[in-house]
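Report on one structure; see the data block that follows.
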Amino acid sequence: MHEWLEYVDDNRYMIRLDQLLKLLLRYLWIILLSTLLLGGAAYTYADRRITPLYQSSIKLYVNNSINTSDSTSITSADITASQNLVDTYAVVLTSYPTLSAVIEQTGVSYSYETLEAMITTAAINDTEVFKVTVTSADPEEAAVIANAIAEIVPDEIMDIISGSSVKVVEYARVASSQSSPDTKRYAFMGAAAGMMFSCAGILLVSLLKNGMSVEDKIRRDFKNKAILAVIPLMGKKVIKKKGRKASSSGAELCGNLSFAAAEAYRLLRENISFCLLDEARERPYTIIGVTSSVRVEGKTTTAVNLAYTAALAGKKVCLIDCDFRLPSIAERLKLQEKPGMTNFLIGKSDASGVLQAYTSGEAVFSVISAGDIAQNSSELLGSRRMQKVLETVGRSFDYLILDLPPIGVVSDALTVTKYIDGMLFAVREDFYEKRLLRESMRTLETANTKLLGMVVTCSKSYKRKYKHYGEKYEYRKSTGKAIV
């Protein structure tokens, strides 16, 4: 899927914490900037836009004298009764007559409802003492109102509730600092929000930008199809497809391969050998076809570099351009275009006339170009003559690698599948379409083609993964020693 989110099966995904941490560290500057900006904005808003409020409090003692009239001591029952009266006293305290008297005494311009909203009451630690707090934008006004309540409430309560009394424990003082807003708390919440939003944004952009990797899509959509290798994005040439732009993979061939690409093709070579390990063949050579759903998915590049890496391993390889409609191998390897395979098939040339040697570094392999453009390419590829030509050429080689036309466009490749030992299917990372690939797989199955596996080409994630690794462990061609 992504570097940090890995597909497991239809119902499960695994978050790779190491890759997730790397992603967040890559964009750490965005996280820090967002944290500072939102934290500063929240602090500024609280400091300049929110009206500061101040609190002043009084403490009142509740006494239930009914149970203690004949005793000089206070029992636990007296304390419990006093505690039960706290809620009752709070109702009396905020009643209309009491607050109207407070308004009249203090001369404030508040209505009863407004003043009631400014007052809160609460018992202190389950004792018979309760606290009355007045909140106001003016610290002196809050103290004046609280002290007015302290003077008025005891008489009001004794008039309403007989046998009880309220005494003032502590009068209100003018607050020296505001009670709200807490600018530090606002700053912390803003910073936390900035951090969370920036991290969520980075992950969301990663999901929308990268989407599920083609490897995971193939594993999800085609569970029985193996991915033999993932080839990194190569080259700078631009190709347009359905309004999209993508880099061509044709810039790196054979000896010009980067470290990551060379390792990927070596892995492909080994995996193919494993796929063919138990194959029972009468002939001593192996024929491998390379195709794709549509053009520009990297099938020709894959065929050329596979031939190169097989030659590096000491194998005798012949690369044959069987895309008679749009041949490209001769041009890309700077070889003669004619005579070629079509000329061989129609009997106008023999094997010695069409075989060309291609050398790149320590690797040497043979190439047969497509030759003259053929109008009946499908018939030529499926003819008995094609089988005989492959038998004739194959006697001198270990591997014949056929660059075939895309099966999603023309049926040419299907006609030759009966002569090959296995098909390699190229899927370009940014061109993946489930419907098209499913049709291609169904077409191969209908033709009873042995699918060796798929190779994902032009992978941006693979390129990023091995970028620094490849730079660290390049090899000198002259000495074979690693540059560290």
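The values are calculated or read from the model by the stated rules, or taken from the named source; none is laboratory data. What you see is a predicted model; the values in this text were computed from it and never measured. Every residue, glycine as well, gets a Cβ built from its backbone with ideal geometry; the counts of neighbours run over all protein chains shown. Ligands, DNA and RNA are stripped out before the accessible areas are found, and what is left, the full protein with its side chains, is counted by its heavy atoms. Shrake-Rupley method; radii C 1.70, N 1.55, O 1.52, S 1.80 Å.
Okay, here's what the table says:
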{"quantity": "Odd one out for Gly314 among (1) without any contact (Cβ under 8 Å) to a residue 40 or more places away in the chain; (2) part of a loop (DSSP other than H, G, I, E, B); (3) surrounded by 18 or more Cβ atoms within 10 Å (Cβ to Cβ)", "calculated": "(3)"}
{"quantity": "Region 113-143, residues that are open to solvent by 40 Å² or more (accessible area, probe 1.4 Å) and touching a residue at least 12 places away in the same chain (Cβ under 8 Å)", "calculated": "Glu116, Thr120, Thr121, Ala123, Ile124, Asp126, Thr127, Lys131, Ala137, Asp138, Glu140, Glu141"}
{"quantity": "Helices (runs of 4 or more DSSP H) completely within region 33-123 that count 1 or more residues being among the small types (Gly, Ala, Ser) and at pLDDT 90 or above", "calculated": "96-106, 112-117"}
{"quantity": "Residue under evaluation Lys225, criteria (1) at pLDDT below 90; (2) surrounded by 18 or more Cβ atoms within 10 Å (Cβ to Cβ), criterion not met", "calculated": "(2)"}
{"quantity": "Leading residue by the ranking (nearest to Leu268 (Cα to Cα)) among those in region 415-467 that are modelled with pLDDT under 85 and of a type in the set (Asp, Glu)", "calculated": "Glu429"}
{"quantity": "Subset of region 388-402 (residues that are free of Cβ contacts under 8 Å to residues at least 60 places away in the same chain and closer than 26 Å to Arg269 by Cβ)", "calculated": "Val389, Thr392"}
{"quantity": "Total residues in region 403-429, condition open to solvent by 10 Å² or more (accessible area, probe 1.4 Å), closer than 24 Å to Ile231 by Cα and charged (D, E, K, R)", "calculated": "2"}
{"quantity": "Pair list, Cβ under 7 Å, 6 or more apart: region 319-335 residue aromatic (Phe, Trp, Tyr), other residue at pLDDT below 90 and in a loop (DSSP other than H, G, I, E, B)", "calculated": "Phe324/Ala370; Phe324/Ile373; Phe324/Ala374"}
{"quantity": "Members of region 355-389 found to be within 20 Å of Thr449 (Cα to Cα) and in contact with a Lys or Arg (Cβ under 9 Å, 6 or more places away or on another chain), listed by number", "calculated": "Ser377, Gly382, Gln387"}
{"quantity": "One residue from Pro339, Pro327 being within 30 Å of Arg428 (Cα to Cα) and not in a helix (DSSP H, G or I)", "calculated": "Pro327"}
{"quantity": "For Lys245: the one exception among (1) modelled with pLDDT under 90; (2) closer than 17 Å to Met423 by Cβ", "calculated": "(2)"}
{"quantity": "Any hit, region 190-211, residues being in a loop (DSSP other than H, G, I, E, B) and either at pLDDT below 85 or among the aromatic types (Phe, Trp, Tyr) (or both)", "calculated": "yes"}
{"quantity": "Given (1) closer than 14 Å to Asp372 by Cα; (2) open to solvent by less than 10 Å² (accessible area, probe 1.4 Å); (3) in contact with a Lys or Arg (Cβ under 8 Å, 6 or more places away or on another chain), number of the condition Pro339 does not satisfy", "calculated": "(2)"}
{"quantity": "Qualifying position, being of a type outside the set (S, T, N, Q) and surrounded by fewer than 18 Cβ atoms within 10 Å (Cβ to Cβ), among Leu436, Leu400", "calculated": "Leu436"}
{"quantity": "Of all residues in region 372-387 being within 20 Å of Thr300 (Cβ to Cβ) and touching a residue at least 40 places away in the same chain (Cβ under 8 Å), the one that is surrounded by the most Cβ atoms within 10 Å (Cβ to Cβ)", "calculated": "Leu381"}
{"quantity": "Cβ-Cβ under 7 Å pairs, at least 6 apart or on other chains, region 340-365 side closer than 25 Å to Cys254 by Cβ and modelled with pLDDT under 85, far side open to solvent by less than 10 Å² (accessible area, probe 1.4 Å) and part of a loop (DSSP other than H, G, I, E, B)", "calculated": "none"}
{"quantity": "Filter pass, Ala307 being open to solvent by less than 30 Å² (accessible area, probe 1.4 Å) and either charged (D, E, K, R) or closer than 20 Å to Ile420 by Cα (or both)", "calculated": "yes"}
{"quantity": "Candidate set: region 159-173, residues that are surrounded by 15 or more Cβ atoms within 10 Å (Cβ to Cβ) and not polar (S, T, N, Q); chosen: the one farthest from Ile103 (Cα to Cα)", "calculated": "Ile161"}
{"quantity": "Failed item in (1) closer than 23 Å to Leu36 by Cβ; (2) aliphatic (A, V, I, L, M); (3) open to solvent by 40 Å² or more (accessible area, probe 1.4 Å), with Leu207 passing the rest", "calculated": "(1)"}
{"quantity": "Of all residues making up region 267-297, the number that are on the phi > 0 side of the Ramachandran plot and open to solvent by less than 10 Å² (accessible area, probe 1.4 Å)", "calculated": "0"}
